Amino acid sequence: MRRFLLAACLMGLTGPALAETPSPVKIAELSARLFAMGVAAGDPVLILSAARMRKGLAPVAGDRAAVDGVAGEGAPLSWEEMLASAEGLAEGDEALLGLIEDARAEGTKGVASGPVYNIGQLGNGKGDTYPPIEFRGGEYAEVYVEAKAAVNLNLGVYDDKGRLVCSDTDISHIAYCGWTPATAGTFTLKVDNKGPAAAAYALMTN
């Protein structure tokens, strides 16, 4: 019964978010936010749900780099890391540990082309500016950044005239921007680390 209830809970958590078929970039953001909620609450069920969402991604390393920026090492937060965190919190709960093991053994249902990412490194109070990136007119554009450390990342997107078209300045290690360009054009991305420490971050685009 406990196993059934946990499985039902997971379906309820992931169902509404996935019903609208969000993009890979949006799934990355949603899974990171759910993982952060689970860690803050010490809730392995939330973390397990986040891991299952992220397991469906197929992130692709790109060659994008910030102007005069410092490249970081590693990859975006992985579903394996999420499951390991859930496993630590679920110690002694055999039903939940079984669900975690099931999730680990499930086949990967990656998308054909996942979000393109690069890893950057920013000191406290520092910022990165990326060379103009082209997005198609009339198509929804997305940019997302996340850090594994507890830092405050801000994200800004500027058009070719230097006008701010989208920003996320919430106090969080996660920042997301989505907008629909009226016409095809280039956009400059700016990532700022508002502290309190240096951190590597992953930047993803669709």
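The values are calculated or read from the model by the stated rules, or taken from the named source; none is laboratory data. Being a predicted model, the structure only gives us computed values, none of them experimental. Neighbour counts run over all protein chains shown; Cβ positions are idealised from the backbone, glycine included. To get the accessible areas, we keep the full protein, side chains included, count just its heavy atoms, and leave off ligands, DNA and RNA. Shrake-Rupley method; radii C 1.70, N 1.55, O 1.52, S 1.80 Å.
Some notes on this structure:
- Among (1) exposed (fewer than 13 other Cβ atoms within 10 Å of the Cβ); (2) under 23 Å from residue 46 (Cα atoms), the one test that residue 131 misses: (2)
- The set of residues from segment 97-122 being over 16 Å from residue 80 (Cα atoms) and either modelled with pLDDT of 95 or more or of a type outside the set (Ser, Thr, Tyr) (or both) comprises 111, 112, 114, 115, 116, 117, 118, 119, 120, 121, 122.
- Across segment 189-199, the number of residues qualifying as assigned to a strand (DSSP E or B) and either touching a Pro at 6+ places or on another chain (Cβ under 8 Å) or hydrophobic (A, V, I, L, M, F, W, C) (or both) comes to 3.
- Lone qualifier among 124, 193 - being polar (S, T, N, Q) and open to solvent by less than 20 Å² (accessible area, probe 1.4 Å): 193
- In segment 103-120, the residues that are open to solvent by 70 Å² or more (accessible area, probe 1.4 Å) and not hydroxyl-bearing (Ser, Thr, Tyr): 104, 105, 106, 109, 112
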